[in-house]
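Quick notes on the structure that follows.
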Amino acid sequence: QVQLVESGGGLVQAGGSLRLSCAASGRTSSSYAMGWFRQAPGKEREFVGSISARGRYTNYADPVRGRFTISRDNAKNTVYLQMNSLRLEDTAVYYCAAALTSFGTSADEYDYWGQGTQVTVSS
């Protein structure tokens, strides 16, 4: 089993920054690819970005590319989502997910999920 706990969400003004963290624990947690997803009110869950198990490769959704950065520290079993230049439309619950073999864009590729952390961007 792998357990994931997100933290770092909160209220931020448009144009500001937040860094989300996802702490992983359990069996072989450092070997998992990690992804971030988000779900805004009234909308479907959408892919944000992902990172390979060792952090060499990353992938981003178009709306966040150039503004968000995913990184990981496997010694701490933690993955980060640095969010800069936040916009009102970034408001959502952000979820961390772990995959054993892939770091794709589809939610069904991921095996474990955290409970989510709320990010609210205000004007």
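Among the candidates Glu109, Glu89, the residue that is in contact with a Pro (Cβ under 8 Å, 6 or more places away or on another chain) and either over 25 Å from Ser123 (Cβ atoms) or not aliphatic (A, V, I, L, M) (or both) is uniquely Glu89. When residues in region 56-90 are screened for being closer than 17 Å to Ser21 by Cα, open to solvent by 30 Å² or more (accessible area, probe 1.4 Å) and not in a strand (DSSP E or B), 5 of them pass. In region 57-73, the residues that are touching a residue at least 12 places away in the same chain (Cβ under 8 Å) form Cβ pairs under 7 Å with partners that are charged (D, E, K, R) and not in a loop (DSSP other than H, G, I, E, B), at six or more places apart or across chains, as follows: Ala61/Glu46. Among the residues making up region 37-52, those that are more than 13 Å from the chain's Cα centre (by Cα) and open to solvent by 30 Å² or more (accessible area, probe 1.4 Å) are Pro41, Gly42, Lys43, Glu44. Checking every residue in region 22-35 against the condition of being of a type in the set (Phe, Trp, Tyr), on the phi < 0 side of the Ramachandran plot, more than 12 Å from the chain's Cα centre (by Cα) and buried (at least 22 other Cβ atoms within 10 Å of the Cβ) gives at least one match. Considering region 91-101, the residues that are assigned to a loop (DSSP other than H, G, I, E, B) and over 24 Å from Gly16 (Cβ atoms) include one that is most open to solvent (accessible area, probe 1.4 Å), namely Thr101.
Would you check if there is a residue in region 102-110 being within 20 Å of Pro41 (Cβ to Cβ) and open to solvent by less than 30 Å² (accessible area, probe 1.4 Å)? Within region 102-110 (the criterion being within 20 Å of Pro41 (Cβ to Cβ) and open to solvent by less than 30 Å² (accessible area, probe 1.4 Å)), the answer is yes, since at least one residue qualifies. Can you find, within region 111-123, the residue that is most open to solvent (accessible area, probe 1.4 Å) among those that are in contact with a helix residue (DSSP H, G or I) (Cβ under 9 Å, 6 or more places away or on another chain) and of a type outside the set (Ser, Thr, Tyr)? So the residue we want is Trp113.
With the condition kept exactly as written, say whether any residue in region 3-16 is of a type outside the set (S, T, N, Q), modelled with pLDDT of 95 or more, closer than 20 Å to Ser123 by Cα and in contact with a Phe, Trp or Tyr (Cβ under 9 Å, 6 or more places away or on another chain). Scanning region 3-16 turns up at least one residue that is of a type outside the set (S, T, N, Q), modelled with pLDDT of 95 or more, closer than 20 Å to Ser123 by Cα and in contact with a Phe, Trp or Tyr (Cβ under 9 Å, 6 or more places away or on another chain). Pairs are defined by a Cβ separation below 6 Å, a sequence spacing of at least 6 or placement on different chains, a first member in region 32-48 that is modelled with pLDDT of 95 or more and among the aliphatic types (A, V, I, L, M), and a second member that is part of a strand (DSSP E or B) and open to solvent by 30 Å² or more (accessible area, probe 1.4 Å); no pair meets this definition. Selection over region 23-52 of residues that are aliphatic (A, V, I, L, M) and within 13 Å of Asp111 (Cβ to Cβ) gives a count of 3.
The values are calculated or read from the model by the stated rules, or taken from the named source; none is laboratory data. Just so we're clear, the structure is a prediction, and the values are computed from it rather than from any experiment. Cβ: placed from backbone, ideal geometry, glycine included. Neighbour counts: every protein chain shown. SASA here: full protein model, heavy atoms, side chains in, ligands and nucleic acids out. Shrake-Rupley method; radii C 1.70, N 1.55, O 1.52, S 1.80 Å.
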